[in-house]
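Working notes, beginning with the structure itself.
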C-alpha cells in the first residue's frame, strides 16, 4: 500500500502553497499519494488546525506544521 501524505491547507495561504510545492517535488523522487484538504469553512477542522496550517500528516500521523523539514520528511517516507 502506498504511503499517504495529507496536507491541511487554506486557500490563499502562502506557507500552504510553499509546502504543497515542496511535497509535489519530492513525490517525483518517492512513491506516495498526496491528499490536500482545505479547512476553510469546516468548523471542526478550523478548530483543530486553524492556527497551525499548513499541517502535514504521513499515513494519518502529524509530521510537521508551518514548514516542511525536507530531510526529516524524506527519512519518514523511506523508513
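Values in this text are rule-based calculations from the coordinates and carry no lab data. Keep in mind that what you see is a predicted model, and the values were worked out from it rather than measured. Glycine also receives a Cβ, built like all others from the backbone with ideal geometry; neighbour counts cover every protein chain displayed.
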- Query: Of all residues in the range 1-17, which are in contact (Cβ under 8 Å) with a residue 12 or more places away in the chain and either assigned to a strand (DSSP E or B) or loosely packed, with under 13 Cβ neighbours inside 10 Å (or both)?
  - Reply: 2, 3, 4, 5, 6, 7, 8, 9, 11
- Query: Of the residues that sit in the range 36-62 and are without any contact (Cβ under 8 Å) to a residue 40 or more places away in the chain and within 10 Å of the chain's Cα centre (by Cα), which one is surrounded by the most Cβ atoms within 10 Å (Cβ to Cβ)?
  - Reply: 36
- Message: I'd like to know if the range 18-32 contains one or more residues that are exposed (fewer than 12 other Cβ atoms within 10 Å of the Cβ), on the phi > 0 side of the Ramachandran plot and out of contact with any strand residue (DSSP E or B) (no Cβ under 8 Å at 6 or more places or on another chain).
- Response: no
